[in-house]
Amino acid sequence: MVDDLGDGYPAMSEGLPPRDFQSLRDLMVSRRIKLPKRLAQVASFAIGHPDEIAFGTVASIAEKADVQPSTLVRFSQAIGFQGFSDLQAIFRERLRDRVSTYDDRIRRLRSDTSPDSRTAQLFDGFCQAASASIAAMHDRIEIRTIEAAAQRLAAAETVYLIAQRRSYPVTAYMSYAFGKLGVKTVLVGSAAGTDAETLSFATDKDAAVAISFTPYASATLAHARQVAQRGTPLVVITDSPFSPLVADTDVWFEVVEADFQGFRSLSATLALAMTLTVAVAEIRADQ
């Protein structure tokens, strides 16, 4: 790990430091473009893994965020805190009212090593992960953003659906559902490798949906940038305000899927995709 920060890092907060998690998160998101590389890396990790910040040590957090421990201190001071412990207190306060977290439930499931209950553990674990993902997304996403995205897609002559790897089933579902609802779409993901040529037909009268999560698919990033440069309105579903996809649009959704035993579901993402698909059809029907 290399810390490339100098001593002249900019202050993120000109007044008092944030006193609650939401204010802190809003500050990090609003300043993400102006942050030096390593500070932005810490901010991205903190937003995506708030429980790690709350419970980890400086050394363990620095290792997972791939920065030097001193960078965490600098990041905290840039926000206006005296040190990292003050920043960490905000993340711990966020968890104060939780009676039983999802991670606690998963740890209890894993502590049961009875072979007869293994299938039950898996079933319960994946159901809990799906429920946690949907609940977190429901609390995070604003209805006005969904409405803005639906209006953008409803106004399009053709909706281009862009995703790769784990995200591809979501665009495949949207293509199927849009087709049933009479909305013209192009599902990007040709075995012939002609996606760039397909997207060259997109115009400012069309729209596109791009979906990608960490580690971001390079093809999805390139295709989203291609349509954005052509002036095609874009809607993004991703997992962080620091996702490279966010730079190409002003309408985007942050969806963080919980995992069980290293497997992340698509429950929340599919719920959002279903909402957008049906909302677009309803807007068109009203028009």
- Residues of region 191-232 being exposed (fewer than 12 other Cβ atoms within 10 Å of the Cβ) and not in a loop (DSSP other than H, G, I, E, B), which ones? 197, 218, 229
- Message: Suppose we keep only residues that are assigned to a loop (DSSP other than H, G, I, E, B) and touching a residue at least 24 places away in the same chain (Cβ under 8 Å) within region 36-82. Which one would you say is surrounded by the fewest Cβ atoms within 10 Å (Cβ to Cβ)?
- Response: 66
- Query: Looking at (1) surrounded by 23 or more Cβ atoms within 10 Å (Cβ to Cβ); (2) within 16 Å of the chain's Cα centre (by Cα), which is the one condition that is false for residue 168?
  - Reply: (1)
- Query: Residues in region 233-243: is at least one closer than 26 Å to residue 46 by Cα, assigned to a strand (DSSP E or B), of a type in the set (A, V, I, L, M) and free of Cβ contacts under 8 Å to residues at least 40 places away in the same chain?
  - Reply: yes
- With 121, 226, 151 as the choices, which residue is farther than 23 Å from residue 274 by Cα and touching a residue at least 24 places away in the same chain (Cβ under 8 Å)? 226
- Task: Would you check which residues across region 25-43 are touching a Phe, Trp or Tyr at 6+ places or on another chain (Cβ under 8 Å) and at pLDDT below 85 and list them?
- Result: 32
- Return the residue satisfying two criteria in turn: it lies in region 240-277 and is over 23 Å from residue 50 (Cα atoms) and touching a strand residue (DSSP E or B) at 6+ places or on another chain (Cβ under 8 Å), and of such residues it is modelled with the lowest pLDDT. 248
- Item | Count of region 250-287 residues which are in a loop (DSSP other than H, G, I, E, B), polar (S, T, N, Q) and surrounded by fewer than 19 Cβ atoms within 10 Å (Cβ to Cβ) | 2
- Within region 17-35, the count of residues that are in a helix (DSSP H, G or I) and either among the polar types (S, T, N, Q) or under 23 Å from residue 215 (Cα atoms) (or both) comes to 6
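The values are calculated or read from the model by the stated rules, or taken from the named source; none is laboratory data. For clarity, every value in this text was computed on a predicted model and none was experimentally measured. Counting neighbours? That spans all protein chains shown, and the Cβs are built from the backbone with ideal geometry, glycine included.
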